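The next block holds one structure in the form of structure tokens; read it before the comments.
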Amino acid sequence: MRILIIEDEQLLADSIKSLLTKKGFEVDVAYDGESGKEYAELGIYDLIILDIMLPKMDGYEVARRIRKKRIGTPILMLTAKGELEDRITGLNSGADYYLTKPFDIRELLACINALLRRQGAYVNEIRFGNTVLDLSSAMLICGENSIRLSAKEFDVMRCLFQAEGKILSKEMILTKVWGYDSDAVENHVEVYIGFLRKKLANIGSNLRIETARRLGYYLEVCDYDSEVAN
């Protein structure tokens, strides 16, 4: 399970991250609204914990933009604003639940568990073209052919699958897969993209990882019949 925390109070954000990590969740943190929106739009999270009073873009607007992209990830709003009108605005913006600060950590965990249960059966695989990414086994599958991905390969490929053909910058992949505090550089992304291209070819996938010059990478479904004709 992967959770995104969008909270500008770093001490609070890091404390929640530490708590959830100990509970077995994978957790990413964004400290402003714009960065949080970009992360959320990747569509790779099972839950978003969202503050309202954020720099660059407030939580209401973040939630509205996420929902405008038709991303249905549950949103738990955390805020010091506890008035009825504030709660109504939050829910109307796309939040699923509204938790007022200060809160008991047990209540936070109960809300998280309730929202995750509400989703029902979790998606265990992602399909794109003729290829499946199995989320439980980290296997890349095409017909009867399959190949296991390393942890980093899996994280990079999952980002690409979830982007559904949209361009992901090297910086975004680097941050999502290696994290804010990593010493990894863009060359690491290039190396793993190379590994994944070979693995897609080895299983006969009709997917290609294309390069958008100076922008990043994206997945594209190839029409082999058209290529042969040309």
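Just tell me which lysines come within less than 23 Å, Cα to Cα, of LYS176; anything on the same chain fewer than 8 places away is out.
Those lysines meeting the cut-off are LYS17, LYS22, LYS23, LYS37, LYS56, LYS68, LYS69, LYS152, LYS166, LYS198, LYS199.
Would you mind ranking LYS176, LYS23 by Cβ crowding within 10 Å, fewest neighbours first?
Neighbour counts put them in this order, fewest first: LYS23, LYS176.
Could you point to the residue in GLY204, SER18, ILE105 farthest towards the positive end of the chain's charge dipole, with +1 and -1 charges on the Cβ of Lys/Arg and Asp/Glu respectively?
Of the options given, the answer is GLY204.
Along the principal axes of its C-alpha atoms, what lengths does the chain span, in descending order and rounded to whole Å?
The principal-axis extents, from largest down, are 64, 36, 32 Å.
Magnitude of the Cβ-charge dipole of the chain, K/R +1 and D/E -1, about the Cα centre, nearest 20 debye?
400
Size of the dipole of the stretch 125-229 about the Cα centre, Lys and Arg at +1 and Asp and Glu at -1 on the beta carbon, nothing else charged, in debye to 20?
120
At GLU26 and LYS166, where each label point lies 7 Å from the Cα along Cα→Cβ, what is the point-to-point distance in nanometres?
Using points 7 Å along Cα→Cβ, the separation is 1.8 nm.
Give me the distance in nm between label points sitting 7 Å out from Cα along the Cα-to-Cβ direction at GLU190 and ARG213, one decimal.
Placing both labels 7 Å beyond Cα along the Cβ direction yields 1.6 nm.
Between GLU38 and SER136, what length in nm is gained on full extension when 0.36 nm per residue of separation is reduced by their alpha carbon distance?
Value of the extension gain: 32.8 nm.
Given the DSSP H assignment, sum -39500 (n - 2.57) over each helix run of at least 4 residues in the chain and divide by its residue total; what's the result at 222 nm in deg cm²/dmol, nearest 500?
Calculated mean residue ellipticity at 222 nm is -13000 deg cm²/dmol.
Which ordering of VAL27, VAL191 is given by a fewest-first count of other beta-carbon atoms within 10 Å?
Least crowded to most crowded, the residues run VAL191, VAL27.
Sorting VAL29, VAL156 on the 10 Å Cβ count, fewest up front, what's the list?
Going from sparsest to densest Cβ surroundings: VAL29, VAL156.
Placing +1 at every Lys and Arg Cβ and -1 at every Asp and Glu Cβ, with all other atoms neutral, what dipole size does the stretch 2-118 have around its Cα centre, in debye to the nearest 20?
540
Every number here is computed from the coordinates shown, using simple stated rules; none is lab data. Note that this is a predicted model, so its numbers are computed, not measured. Using ideal geometry, Cβ is built from the backbone for each residue, glycine included, and neighbour counts are taken over all protein chains shown.
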